[in-house]
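Have a look at the structure below before the remarks.
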Amino acid sequence: CKDREGNVWIGTYFGGINYYTAQHLVFRKYYPDYSDNSISGSAVREICEDHDGNIWIGTEDAGLNKLDRASGRITHFEPTGKPGSIAYSNIHGLAVVGHELWIGTHERGLDVLDIKTGKVRRHYTAGYRPGDLKSNFVASLLHTSTGSIFIGTGKALHEYDPATDGFKQAPEVPGGVTVSCLYEDHNGTVWAGTHGMGVFYFNRRTHTKGRLVNDLNKPNSLPTNFLNAICEDSAGNVW
């Protein structure tokens, strides 16, 4: 995650966070050292920055953390079963939408947390009614420049419908696939990486869409159909 100051936050699997600033040319480590002001988990799955400059850290082993950049204080959010707490300690997708933090969990659905109060305002789980999510595994989240909210789950790519406070399946990606990562490039094209079906991309403004997959007969195709992350560099190349 690159923050507004150009610093880079790198999540690791059971190594906490590595934080890099160009001014100091060294990495600062954040990991659970059991002190009062350390992050709660070491398997860091998601990192994002809110509009106040706070860094939100989702872990797979110990819930959610908020790092207040101004004070350096780290706040832990763990499932307690009480009203307002997060649903589960295994966090996957994170997305800031205004003053809300959308939180995807592993098989426990979707939380929407009020950033100001630190309390979960809404919770969504899978169901069979129209407008329900079709999977409780929320693997990825994306808030686009046009205001759309996409939810990548273990079964489909959903889009939030504010008029009904529900969800509809995005037609650009077929059902029955885990959408593992989501990214919007500078042109407004949405890239949806999957586990097993390559990457789908679409732009509703230009009406373009397509899919990239591994093809053994094409040496310039994707090396695998299983994707974990997508980003764009300063030259407009998509990685």
*asked:* I'm trying to understand the selection: among the residues of segment 180-215, which are open to solvent by 50 Å² or more (accessible area, probe 1.4 Å) and assigned to a strand (DSSP E or B)?
replied: Y183, H195, Y201, T208, K209, R211, L212
*asked:* Criterion first (at pLDDT 95 or above, crowded, with 18+ Cβ neighbours inside 10 Å and within 24 Å of G11 (Cβ to Cβ)) does V173 satisfy it?
replied: no
*Do the conditions hold for G176, that is, is it under 21 Å from F226 (Cβ atoms) and free of Cβ contacts under 8 Å to residues at least 40 places away in the same chain?*
yes
*Scanning segment 94-149 for residues that are more than 24 Å from D61 (Cβ to Cβ) and of a type in the set (S, T, N, Q), which turns out least open to solvent (accessible area, probe 1.4 Å)?*
T144
*Hand me the list of strands (runs of 3 or more DSSP E) wholly inside segment 47-155 holding 3 or more residues that are under 30 Å from H186 (Cα atoms) and among the β-branched types (V, I, T).*
55-59, 91-97, 149-153
*Hey, any hits in segment 43-65 for a residue that's more than 26 Å from H158 (Cα to Cα), touching a residue at least 24 places away in the same chain (Cβ under 8 Å) and open to solvent by 20 Å² or more (accessible area, probe 1.4 Å)?*
yes
*When you go through (1) surrounded by 14 or more Cβ atoms within 10 Å (Cβ to Cβ); (2) over 22 Å from R122 (Cα atoms); (3) not basic (K, R) one by one for I91, which number turns out not to apply?*
(2)
_Cβ-Cβ under 6 Å pairs, at least 6 apart or on other chains, segment 1-17 side assigned to a strand (DSSP E or B), far side among the hydroxyl-bearing types (S, T, Y) and open to solvent by less than 50 Å² (accessible area, probe 1.4 Å)_ = W9/Y19; I17/Y30
*asked:* Here is a list: G198, G166, G193. Which entry is in contact (Cβ under 8 Å) with a residue 24 or more places away in the chain and farther than 24 Å from R108 by Cα?
replied: G198
*Can you name the residue in segment 1-33 that is surrounded by 11 or more Cβ atoms within 10 Å (Cβ to Cβ) and aliphatic (A, V, I, L, M) and, of all such residues, is farthest from G58 (Cα to Cα)?*
V8
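The values are calculated or read from the model by the stated rules, or taken from the named source; none is laboratory data. As the structure is a prediction and not an experimental result, all values here were calculated from the model. Note: ideal-geometry Cβ built from the backbone for every residue, glycine included; neighbour counts use all protein chains shown. In case anyone asks, the SASA skips ligands and DNA or RNA and just uses the protein heavy atoms, side chains included. Shrake-Rupley method; radii C 1.70, N 1.55, O 1.52, S 1.80 Å.
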